[in-house]
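For reference, the structure discussed in these notes is given below.
What follows draws every value from the coordinates through simple rules; no lab data is involved. Predicted model, so just to flag it, every value in this text is computed and none were measured. Reconstructed Cβ throughout: ideal geometry from the backbone, glycine too, with neighbour counts over all protein chains shown.
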Amino acid sequence: MTLRGKVHKYGADVDTDVIIPARYLNVSDADLLAEHCMEDIDADFRERKQEGDMIVATSNFGCGSSREHAPLAIKGCGISCVIAHSFARIFFRNAINIGLPLLECPEAVDSCEAGDILEVDLSRGEITNTTRGTTFTAKPYPEFMMGIINAGGLVEHTKRRLEDSHS
Amino acid sequence: MATVAEKIIAAHSGRDSVSPGEFANVACDVVMANDITGPLSIKEFNKLKVDHVFDPHKVVMVPDHFIPNKDIASAIQAKAIRDFSREQGCVYYETGRAGIEHVLLPEQGLVGPGQVVIGADSHTCTYGALGAFATGMGSTDIAVAMATGDIWMKVPPTIKFVFHGALQPWVGGKDIILHIIGDIGIDGALYAAMEFHGDAIHQLEMDGRFTIANMAIEAGAKTGLFSVDEKTEAYIAAHPPKWGCSYKSYTTDSDSDYARIIEYDASAIEPTVAFPHLPSNTKKVSDAGDVAIDQVVIGSCTNGRLSDLQVAASLLKGRQVHQNVRCIVIPGSQRVYGEALEQGLIKTFMDAGAVVSTPTCGPCLGGYMGILAPGERCVSTTNRNFVGRMGSPQSEVYLAGPAVAAATAVTGHISGPAEVSSTQEVAAR
């Protein structure tokens, strides 16, 4: 599957409080959360973003709280994937579990600017910057995690496991 | 040869041993969610088409974040976990008999040494103070564990932190953990388990240990573990296991099992403040400069326990909160509130001109009960000072322990306890 979209670029330690401030956590619907995604650090994000766009950041993206509302809000914005130097632990699990693709690739992050167009081949982990004509390969997922991703998230993965154990 | 984290994971995954980086399916002793994360967990749980949670004694729901209900939407979320708990018979604590989850679960005897505890709240790592492998996850992970009783984990490497020597007066668990985060950064222990050792750690009472373990996540860690000693055992004797289960304590075999060992001189640590907007942006309070403060919050899962309130009250007794400051004190649980009342601490706070709230996470995450306006500054005993954490994105949060918070409430600018306390008070500590 190939994703294509425009880059929205951020720095290090983008925390879940700025991805979706807790004052909006009295609901858990992705479309409602998406209305406030990134608003405390990037007030225009909601107007600029388009379906398929990508968030690109440096280290420790998604640090802070365990709120699954953070990847849900990003997904609700139509963001197709997040590319970073590294991800915070709980955010990483949450994104995999709900089917928001994440790629760790410092070279691709450092060589792109906001507004560049990227194409991402998820099965090969290949990131092509079509604006600059460069291609990078992201760190591959461990086989165990590919099982969850290929099943379509943790709930589907678990449903299959439960069905197998009953059959 | 293995670390505590590796031994607990191995014992809960039916294996003789595990190594860092390996994946394991781990059986859970406690699976928890709250009024923000629980409704999402329940939604995902229902998709799994199982009728019952794996063990109602091991599934715990705590309404605490926006509780007592702050608005209609929050009331609907709180109702969702209440209804689910009644239907499933799982462990649930109602407003008036509850508190902040990470203060409540240890005092209710729901967590203990050698257990695996997962919670849909990042500060679930708090229970590492008791020697439990406790870690925060998201709502979907919790939904799956509620159904199956297990969850996948990647075995973390362990970093050992050793504190030599004794702590100075007024220096507590919060200063230690802020000191570590200031040193290694907010991803300095990313994906790792932290272990805390040394004379100063051994001397710390349980409340200080809970504070340190609580903020392991603020260094990116998966969990923060303490050895079980006579203080842990005394705590467990006073808060016996609710369901009569037996606990097991583990120790790391040798220093060669650690990925890294970091050593500190505990006597060199001073009361510490994390400036906006990262917990790693630390300064000694003596280097803070003249920073005027509008609000002080004393409470939360980090510093809302009885000894935190005792420290704050010892500085506020016979003094007044500065005229430009709103001081908000939030006992961490109904039990803490009751004990503080019996000891006269609540009267001390009220006489000083502070407001005392019912237990709630409330202002810590910018929910309610102390939201900041643009340009306002707050010294808070909570755990995060990210942009907009306690309200307006133009407000500022300074993290500190209860001694600095109380001293600041009196002076109106960031202050160490030495600035307001007499020499007799210092000597008495």
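Structural remarks
- Tally, over region B:306-353, of residues that are part of a loop (DSSP other than H, G, I, E, B) and either under 20 Å from B:Ile67 (Cβ atoms) or small (Gly, Ala, Ser) (or both): 5
- Residue list for region B:30-47, filter: in a loop (DSSP other than H, G, I, E, B) and surrounded by fewer than 24 Cβ atoms within 10 Å (Cβ to Cβ): none
- Unique match (being in contact (Cβ under 8 Å) with a residue 12 or more places away in the chain, at positive phi and surrounded by fewer than 24 Cβ atoms within 10 Å (Cβ to Cβ)) among B:Gly299, B:Gly366, B:Gly353: B:Gly353
- The listed residues are A:Ser165, A:Ser65, and the only one of them that is out of contact with any Gly (no Cβ under 7 Å at 6 or more places or on another chain) and surrounded by fewer than 21 Cβ atoms within 10 Å (Cβ to Cβ) turns out to be A:Ser165.
- All positions within region A:7-22 that are over 14 Å from the mean Cα position of the chain (by Cα) and more than 8 Å from chain B (Cβ to nearest Cβ): A:Gly11, A:Ala12
- Between A:Phe45, A:Phe87, the distinction of being closer than 20 Å to A:Pro140 by Cβ, more than 8 Å from chain B (Cβ to nearest Cβ) and touching an Asp or Glu at 6+ places or on another chain (Cβ under 8 Å) belongs to A:Phe87 only.
- The lone criterion from (1) crowded, with 18+ Cβ neighbours inside 10 Å; (2) outside any loop (DSSP other than H, G, I, E, B); (3) more than 13 Å from chain B (Cβ to nearest Cβ) left unmet by A:Leu72 is number (3).
- Evaluation of B:Ile159 against the conditions (1) of a type in the set (A, V, I, L, M, F, W, C); (2) buried (at least 24 other Cβ atoms within 10 Å of the Cβ); (3) out of contact with any helix residue (DSSP H, G or I) (no Cβ under 8 Å at 6 or more places or on another chain) shows that the sole unmet condition is (2).
- When region A:104-147 is filtered for residues that are closer than 24 Å to B:Ile142 by Cα and not in a helix (DSSP H, G or I), the ones remaining, listed by number, are A:Tyr141, A:Pro142.
- Of all the residues in region B:170-193, those that are outside any helix (DSSP H, G or I), buried (at least 24 other Cβ atoms within 10 Å of the Cβ), touching a residue at least 60 places away in the same chain (Cβ under 8 Å) and within 14 Å of chain A (Cβ to nearest Cβ) number 3.
- In the condition set (1) under 15 Å from the mean Cα position of the chain (by Cα); (2) in a loop (DSSP other than H, G, I, E, B); (3) of a type in the set (D, E, K, R), A:Asp40 is compliant with all but (1).
- Every residue from region B:195-210 that is within 15 Å of the chain's Cα centre (by Cα) and buried (at least 20 other Cβ atoms within 10 Å of the Cβ): B:Met206, B:Asp207, B:Gly208, B:Arg209, B:Phe210
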